[in-house]
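The structure appears below as structure tokens.
The values are calculated or read from the model by the stated rules, or taken from the named source; none is laboratory data. Not measured: the values here are computed from a predicted model. Cβ: placed from backbone, ideal geometry, glycine included. Neighbour counts: every protein chain shown.
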Amino acid sequence: MKLSTLATAVALTSTLSAAPALAQNLPIVGGITSVSLTSASALAGLGLSVGGLGSATISPGSTGTPLAYFPVTGGSINTDSFAGSILHAGSGLSLSTSAATVNLTNFVINTVSGTLSGNVAVGATNLGVVPLFNLGSSGIAVAPFSLSLTSAAAGALSTVFGVPNLTGFLIGNANTLPITSAVPEPATVLSMLAGLALIGATLRRRQAANADRV
């Protein structure tokens, strides 16, 4: 992701407001990240069940697609480039069969690399922090980010559960709404919203460029 491109577009958006926005690194104090688990039926077909951990909640969803919610617990966001990290300490997902369980917790969204990392534990064995999902563009306004398994995460699942290699497998679509510690100026609000949209647009262009190379 080219931060210079993001910064330019955000700056252009900010000029539409009455007062100019100054770039700030705003601490994040709350919010929510939601994930539509579109993969639930496919995972069930592989013998895997999905559960919430800690402060995460999972609802069946009105359309039959489970919805998972993870409280945002910290991080920071730059209002000019939208570079930063969004933390979700104390919550996560479990993937399990009757024989084994993999726990994925303490998610961290990196808006620069477009990845979601988390702590991985197999039973009582902690494997440490692993890049779990690559963020892409879903093209869905209410859940603009797609979450696909990284090779590291897919390899771990194959080893533990004996499932096929699921690298690139779409787990679901997500949206994140962090709350900062300060009430920003209206121009800063515009910049933050523009930043979310621009990250989605940049990820969409990245996907298209990768497809052209294949």
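Taken over the range 23-41, the criterion of being closer than 22 Å to residue 169 by Cα, surrounded by 14 or more Cβ atoms within 10 Å (Cβ to Cβ) and of a type in the set (Gly, Ala, Ser) is satisfied by 34, 36, 39, 40.
For every residue, the table says whether it meets (1) modelled with pLDDT of 95 or more; (2) in contact with a helix residue (DSSP H, G or I) (Cβ under 9 Å, 6 or more places away or on another chain); (3) among the β-branched types (Val, Ile, Thr).
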| residue | (1), (2), (3) |
| --- | --- |
| 105 | yes, no, yes |
| 108 | yes, no, yes |
| 114 | no, yes, no |
| 131 | yes, yes, no |
| 162 | no, no, no |
| 173 | yes, no, no |
| 181 | no, no, no |
| 189 | no, no, yes |
| 193 | no, yes, no |
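For residue 55, indicate whether it is under 21 Å from residue 103 (Cβ atoms), small (Gly, Ala, Ser) and buried (at least 18 other Cβ atoms within 10 Å of the Cβ). The answer is no for residue 55. Per the conditions (1) in a strand (DSSP E or B); (2) over 21 Å from residue 148 (Cβ atoms); (3) among the polar types (S, T, N, Q), the sole criterion not satisfied by residue 62 is (1).
In this structure, does residue 148 turn out to be touching a Leu at 6+ places or on another chain (Cβ under 6 Å), on the phi < 0 side of the Ramachandran plot and modelled with pLDDT of 95 or more? Before you say what the answer is, go through the steps one by one.
Numbers: touching a Leu at 6+ places or on another chain (Cβ under 6 Å): yes; on the phi < 0 side of the Ramachandran plot: yes; modelled with pLDDT of 95 or more: yes.
Considered against the rule, which asks whether it is touching a Leu at 6+ places or on another chain (Cβ under 6 Å), on the phi < 0 side of the Ramachandran plot and modelled with pLDDT of 95 or more, residue 148 comes out as yes.
Which ones in the range 40-67 are out of contact with any Phe, Trp or Tyr (no Cβ under 6 Å at 6 or more places or on another chain) and closer than 14 Å to residue 106 by Cα?
Here is the first cut: in the range 40-67, the residues out of contact with any Phe, Trp or Tyr (no Cβ under 6 Å at 6 or more places or on another chain) are 40-55, 58-67.
Matches in the range 40-67: 52, 53, 54, 55.
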